[in-house]
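*Asks:* Below is one structure. I have some questions about it.
The values are calculated or read from the model by the stated rules, or taken from the named source; none is laboratory data. Nothing here was measured: the structure is a model prediction, and the numbers come from that model. For neighbour counting, all protein chains shown are included, and Cβ atoms are generated from backbone atoms with ideal geometry for every residue, glycine included. Heavy atoms of the whole protein, side chains included, go into the accessibility calculation; ligands, DNA and RNA do not. Shrake-Rupley method; radii C 1.70, N 1.55, O 1.52, S 1.80 Å.
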Amino acid sequence: MTLSPRDRTVHPPALAPAYRSTALRAPRHAPLSMPSGPAEETGPVFGHDLIGGTDADLVHNFSGAPALGERIIVHGHLRDEAGRPVPDALVEVWQANAGGRYRHAKDGYLAPLDPNFGGCGRCMTDAEGRYAFRTIRPGAYPWPNGGNDWRPAHIHFSLFGHAFGQRLVTQMYFEGDPHVALCPIVQSVPDAAAIDRLVARLDMEGTVPFDARAYRFDLVLRGRAATPFEGRA
Amino acid sequence: MTETSSQTAGPYLHIGLLPNASGLPMYGGADVGSVIAGPEVEGERIAVRGRVLDGEGQPAADAMVEAWQADPQGRFPPDAARGFHGFGRSGCDADGVWTFQTVRPGPVGGASFLTLMIFARGIGLGLHTRMYWPGSSDAVLAAAGDRAGTLVAEARDGGLWFDIRLQGEGETVFLDV
């Protein structure tokens, strides 16, 4: 199961000068291209028994009492580049609380911690490649990048497919957030359509009436070609 | 369809990916990737350590390193030895040092190596590399030419040591696989 080559035009370049942290962390050499082999075409196996009852419910999975903020469902489909669902894949998320503060020792933002919000969750995709989380909408927050920079509200996603070479870490943004267009991290992606695919859409059909609104965020992992001739769709 | 774009894991990746190690008690206390090879796996036990360093040689203390490897017979899950998971995660300490307790993988394509992925603030797409056991040779090392040495660990303190230099002199060879 050869991996199709990674299309680097949809990913941030190593050096993105407007995102200052890349200056000393961007390799100067181009990566060495090589065909995939067993080490990239296999990947960690996680079972559904890994996931505890409230792991995917960030509203309740820290203290048990509900977190403060706008209650939302974030859900979507995980597929590969050939459009095939990716079932039984581990999805991990983390985020700031409703005020824009992370429960992290290094985050000293003025907004207070919410005693009932941890800020991480996980689930496995189902047989059709679907995932869902319940959480609160995270707040925007300022960050040190040399000026008056604010991150758009976002949720970090970590994805495993069935091959370690499909590994993907990304961020989900929210429809209508004006900070998306202003953020050097988002705008390091050199393709406007690719940025648009990082923006979750309000999904009224997925809303739980009188409880939580829903946002839909679909994700695509690198393809695994069954033969060298079965490429991307 | 096109692959979803990557975005940096940012400086707070620990609460999502290593919550228990970062002081956020979650999931019954066990982080994913805390055991690469369970105690029932027979093989050469070894501690693998190294640093992640930036272009000025400063530690990237916020980085996370993931490891993926074969079992002592060179097999990957799900076909590997019982109790062998093959996947590890490590944060870095203030000196940028990451650590894995594992078993030596059997040769794959002629050599023993760990696949490593590095995630951190300032890294937009996770960096993919390999750490080879000393004395290795294979097609990847050959293709790396005079930089191949950046992919080979050194013996130290009874284990192996492997510095990952993100940029500059001795920059590690990263792979596009």
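*Asks:* Can you give the charge dipole size of the protein assembly as shown about its Cα centre, rounded to the nearest 20 debye, using +1 on the beta carbon of Lys and Arg and -1 on the beta carbon of Asp and Glu?
*Replies:* 400 debye
*Asks:* Shifting gears a bit: With only Lys, Arg, Asp and Glu charged, each at its Cβ (+1 for the first two, -1 for the last two), find how big the charge dipole of chain B is about the Cα centre; round to the nearest 20 debye.
*Replies:* So the dipole magnitude of chain B works out to roughly 260 debye.
*Asks:* Write out the GluC sites (Glu not before Pro) in the range A:1-89 meeting two conditions: DSSP loop, and at most 14 other Cβ atoms within 10 Å of their Cβ.
*Replies:* A:Glu70
*Asks:* Rg/Rh for chain B to two decimals, with Rh computed the Kirkwood way over all alpha-carbon pairs. Walk me through the intermediate numbers first.
*Replies:* On the way: Rg = 16.0 Å, Rh = 16.8 Å.
So for chain B, dividing Rg by the Kirkwood Rh gives 0.95.
*Asks:* Counting DSSP beta bridges in the range A:43-220, what percent are antiparallel, to the nearest 5?
*Replies:* Details: 30 of 39 bridges.
In the range A:43-220, DSSP labels about 75 percent of beta bridges as antiparallel.
*Asks:* Label points 7 Å out from Cα along the Cβ direction at A:Leu202 and B:Ala139: separation in nm?
*Replies:* Reported label-point gap for A:Leu202 and B:Ala139 is 5.3 nm.
*Asks:* Measuring from label point to label point, each 7 Å out along Cα→Cβ, what is the A:His60 to B:Asp176 span in nm?
*Replies:* So the two model labels end up 4.7 nm from each other.
*Asks:* Report the trypsin sites (Lys or Arg not before Pro) located in the range B:63-160 that are in a DSSP loop and have at most 16 other Cβ atoms inside 10 Å of their Cβ, or state none.
*Replies:* For trypsin sites (Lys or Arg not before Pro) across the range B:63-160 that sit outside H, G, I, E and B with at most 16 neighbouring Cβ atoms in 10 Å, the list reads B:Arg82.
*Asks:* Place a label point 7 angstrom from the Cα of B:Arg82 along the Cα-to-Cβ direction, then list the residues of the range B:27-54 whose backbone nitrogen is under 19 Å away.
*Replies:* Residues passing the 19 Å test: B:36-44.
*Asks:* Evaluate the Kirkwood expression for the hydrodynamic radius of the range A:1-128, namely the inverse of the mean inverse distance over all pairs of different C-alpha atoms, and round to one decimal in Å.
*Replies:* The Cα-based Kirkwood calculation yields 18.4 Å.
*Asks:* For chain A, build the charge dipole from Cβ charges (+1 Lys, Arg; -1 Asp, Glu) around the Cα centre, then report which of A:Leu90, A:Gly43, A:His29 sits farthest towards its positive end.
*Replies:* Among A:Leu90, A:Gly43, A:His29, the one farthest towards the positive end of the dipole of chain A is A:His29.
*Asks:* If you don't mind, there's one more thing I want to ask. If you put +1 on each Lys and Arg Cβ and -1 on each Asp and Glu Cβ, how big is the dipole of the range A:56-135 around its Cα centre, in Debye rounded to 20?
*Replies:* 220 debye
*Asks:* Could you check the spin-label model distance between A:His179 and B:Asp95? Points 7 Å from the Cα along Cα→Cβ, value in nm.
*Replies:* Calculated label separation equals 3.7 nm.
*Asks:* For a label point 7 Å from the Cα of A:Asn148 along Cα→C-beta, name the residues of the range A:80-117 whose backbone N is under 13 Å from it.
*Replies:* So the set is empty, nothing qualifies.
*Asks:* Which ³J(HN,Hα) values, rounded to whole Hz and listed in residue order, are derived for the range A:118-126 from phi using the Karplus coefficients 6.51, -1.76 and 1.60 in 6.51 cos²θ - 1.76 cosθ + 1.60 with θ = phi - 60°, glycine and proline given as x?
*Replies:* x, x, 9, x, 7, 7, 10, 5, 7
*Asks:* Something else now. So what is the calculated 222 nm ellipticity per residue for chain B, using -39500 (n - 2.57) for each DSSP H run with n of 4 or more, over all residues, to the nearest 500 deg cm²/dmol?
*Replies:* -1500 deg cm²/dmol
*Asks:* Which residue, A:Ala132, A:Val186, A:His75, has the largest displacement toward the positive end of the dipole of the range A:43-220 when charges sit on each Cβ (Lys, Arg +1; Asp, Glu -1)?
*Replies:* Of A:Ala132, A:Val186, A:His75, it is A:Val186.
*Asks:* Sticking with this structure for a sec: Can you give me the accessible area per residue for the range B:1-43, using a 1.4 Å probe, in Å²?
*Replies:* Accessible area per residue: 36 Å².
*Asks:* Then there's this: So if R0 is 30 Å, what FRET efficiency would A:Glu70 and A:Asp49 give, r being the distance between their Cβ atoms, rounded to the nearest 0.05? Spell out each step's value before the answer.
*Replies:* Numbers: r = 32 Å, r/R0 = 1.06.
Efficiency, from the Cβ-Cβ distance: 0.40.
*Asks:* Need one number: buried accessible surface between chains B and A, 1.4 Å probe, both sides summed, DNA, RNA and ligands left out, in Å² to 100.
*Replies:* Chains B and A together bury approximately 6200 Å².
*Asks:* Which one, B:Val103, B:Trp161, B:Gly55, is farthest towards the positive end of the dipole of chain B when Lys and Arg carry +1 and Asp and Glu -1 on their Cβ?
*Replies:* Among B:Val103, B:Trp161, B:Gly55, the one farthest towards the positive end of the dipole of chain B is B:Val103.
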